[in-house]
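The values are calculated or read from the model by the stated rules, or taken from the named source; none is laboratory data. Keep in mind that this is a model prediction, so the values were computed, not measured. Ideal geometry is used to build each Cβ from the backbone, glycine not excepted, and the neighbour counts take in all protein chains shown. Side chains are part of the model used for accessible areas, which takes the heavy atoms of the whole protein and leaves out ligands, DNA and RNA. Shrake-Rupley method; radii C 1.70, N 1.55, O 1.52, S 1.80 Å.
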Amino acid sequence: MASLGLTIRHPVKLILKPPAQLTSAGLFTTGPDQLGVTQWTHDGYGRLTGAITIGIAAGLPRPHFRRVLAHEFGHALLAQAGPAKVSPVVAEGFSEALALEHLRGSGAGAVERQIAAQMIASEDPLYGGGLRLVAFAVDRYGLKAVLHALETGRAAAVGLR
């Protein structure tokens, strides 16, 4: 992420455990297909309290792990900006766009290219639809400019809402 010029300025706790353990710990809540989650809390003033926690299912093949970690990193970037300033579609789309940029920029092999193609073709309205929406803005304005717009509550400045 540093090569993309992206940093998280807040403490982050990374948890790698089998999905069943992440579920029993209350991190995974959406079902057996969940591979990662990012959790955080804000106080009444919109400031982060405690560490940002990223939970990832242990045992993923390296390309899949990298995709999940980059996606969750996207959520952590948005979390440090304050309480939700973007819609769920834009939040998931940004996180997917970051994962896509990471996969493409790291000497992508055949597996990474296949994962990227699946991400782009996804029919899921939140993940695939969000990715296609945000990817257009990233292609036009750049990843850092899109993040800055989302962090400052100006998503419309990069064609998002």
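Looking only at region 124-138, count every residue that is charged (D, E, K, R) and modelled with pLDDT of 95 or more and tell me the total.
Taking region 124-138 and keeping what is charged (D, E, K, R), we get 124, 132.
Retained after the next criterion (residues that are modelled with pLDDT of 95 or more): 132.
Matching residues across region 124-138 total 1.
Within region 45-73, the set of residues being touching a Gly at 6+ places or on another chain (Cβ under 6 Å), aliphatic (A, V, I, L, M) and either open to solvent by 30 Å² or more (accessible area, probe 1.4 Å) or closer than 10 Å to Ala99 by Cβ (or both) comprises just one member, Val68. When the residues of region 143-161 are narrowed to those that are loosely packed, with under 15 Cβ neighbours inside 10 Å and more than 15 Å from the chain's Cα centre (by Cα), which ends up farthest from Gly130 (Cα to Cα)? Applying the filter and picking the extreme gives Thr152. Restricting attention to region 3-44, which residues are surrounded by fewer than 11 Cβ atoms within 10 Å (Cβ to Cβ) and within 18 Å of Phe65 (Cβ to Cβ)? Correct list: Ser3, Pro32, Asp33. Considering only region 66-86, how many residues are part of a helix (DSSP H, G or I), more than 19 Å from Asp139 (Cα to Cα) and in contact with a strand residue (DSSP E or B) (Cβ under 7 Å, 6 or more places away or on another chain)? Of the residues in region 66-86, 6 are part of a helix (DSSP H, G or I), more than 19 Å from Asp139 (Cα to Cα) and in contact with a strand residue (DSSP E or B) (Cβ under 7 Å, 6 or more places away or on another chain). If only residues of region 82-117 that are within 16 Å of the chain's Cα centre (by Cα) and free of Cβ contacts under 8 Å to residues at least 24 places away in the same chain are counted, the one that is farthest from His10 (Cα to Cα) is Ala116.
Evaluated against (1) under 28 Å from Gly153 (Cβ atoms); (2) part of a helix (DSSP H, G or I); (3) without any contact (Cβ under 8 Å) to a residue 12 or more places away in the chain, Gly129 falls short on exactly one condition, (3).
Whenever a residue of region 41-52 is part of a loop (DSSP other than H, G, I, E, B), its partners that are open to solvent by less than 50 Å² (accessible area, probe 1.4 Å), lying with C-beta atoms within less than 7 angstrom and at least six residues away or across chains, give the pairs Gly46/Gly82. Residues that are in a helix (DSSP H, G or I), farther than 18 Å from Leu6 by Cβ and of a type in the set (D, E, K, R) do not occur anywhere in region 141-161. When region 87-115 is limited to residues that are assigned to a loop (DSSP other than H, G, I, E, B) and within 15 Å of Leu143 (Cβ to Cβ), the one that is most open to solvent (accessible area, probe 1.4 Å) turns out to be Gly105. For region 1-40, a tally of residues being modelled with pLDDT of 90 or more and assigned to a strand (DSSP E or B) returns 10.
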